[in-house]
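For reference, the structure is listed below as structure tokens.
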Amino acid sequence: MAAGAASKTDRVGGDTARVSVVVIAGYHDPVETREMRYFVAVAEELHFGRAAQRLAIAQPPLSRAIQQLERRLGVVLLHRTARAITLTEAGSVLLREARIALDAVEAAERRTRRAAADQPGVVLATKAGASSELLSKLLHAYAAEPGAVAVEVMLCGPGQPESLLRNGRADVALLHRPFDTTAGFDTEDLHTEQQVVVLPAGHPLADRAHVRLAEVDTLTNLPLPRWPGRDGSYPEGPGPQVRDHTQLFQLIALGLACAIVPESLRTQLRDDHAVVPVPDAPAVTTVIAWPPHSRSKAVADLVHTATRL
């Protein structure tokens, strides 16, 4: 068997997840998607009891399943003590790869069902409030194309468009580098812009021609916001927890935070905000992304329309 991993699906449709397996090179027994789901739950919770509750199964069979997985792979995935569970290096690798594999299985299921739908359409995911003008122009231009199909737009939080594209809930997405990871997707760059810092109106820095990142970091009375990660948890830090730009901009107007954002978000600001360019902040590039194996004519037409804009 060649080195690496390969996936095998015996049936396409409603039962795909039950029969899909991932064959780990060098091992005779395949790792089942069920085992990967069990491991991901334990690795994310770092607690067998919470993982079992999340999976709606009893704890003893979950523990046995993880032990069997470790024996099969010939590696230790978890360090267990009386007080805590931590991931080994091998466990961290399997967590990352298992998430990708499970997303691929879910994507296959969802896209297969959508392909069989009576009414063809395309699902486009994008961050709410981002690239609003570009999105409006894209939808208008695509609707005028011969053979255009219905486009369902999913407006979501930071980081979610990438996840929706990977797990098959979306067929295409507008992503933003460097905030989103585009590895594994086909992409076309659409627009690159600089970033600005948004401050409360009347702030001492508001009249400056520009500020540096280091100066923004010194604004301890206006901490940068904390956005949720993929698992919904927030990183440690002094800044307020936020989930969308409406919430963020209200906090800034109240003098409780500042934020570094793409320049195009100026259009969402009010008179109680001030904007100053930050030339040493990384530029933000909006891209349209889709799965490399996509054979959807509707996706191809939508991408072509976007690149023409």
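Any read-out appearing in this document is the output of simple, stated calculations on the displayed coordinates, not a laboratory observation. Quantities reported herein were computed from a predicted structural model and do not represent experimental measurements. Note that we place each Cβ from the backbone using ideal geometry, even for glycine, and neighbour counts take in every protein chain shown.
Below, the figures for the structure above:
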quantity	calculated
Options Thr218, Thr285, Gln68, ranked by Cα towards positive dipole end of the chain, top entry (Cβ charges)	Gln68
Beta bridges by DSSP in the chain, antiparallel share as percent, to the nearest 5	75
Relative counts (whole %) of C-alpha pair distances in segment 208-309, using bins that are 10 Å wide	12, 33, 28, 19, 8, 0
Volume per residue that the Cα convex hull of segment 49-103 spans, once the total is divided by residue count, Å³	94
Quarter of the Cα convex hull surface for segment 163-213, i.e. its orientation-mean projected area (nm²)	5.6
At 1.002 mPa s and 20 °C, Stokes D of segment 134-191 from Kirkwood alpha-carbon radius, µm² per second	168
Extension gain (nm, one decimal) between Leu256 and Arg308, 0.36 nm per residue minus Cα-Cα	14.6 nm
Relative intensity, log₁₀ I(q)/I(0), of segment 197-258 from a Debye sum that treats every alpha carbon as a point, q = 0.12, 0.24 Å⁻¹	-0.31, -1.04
Projected-area mean, segment 45-200, by convex hull of Cα positions, square nanometres	14.7
Å³ per residue enclosed by the Cα convex hull of the chain	172
Helix runs (DSSP H) in the chain reaching 27 Å along axis by Cα, Kyte-Doolittle at least -0.5	89-115
Descending semi-axes in whole angstrom, ellipsoid equivalent of segment 223-263, from the Cα gyration tensor	17, 11, 9
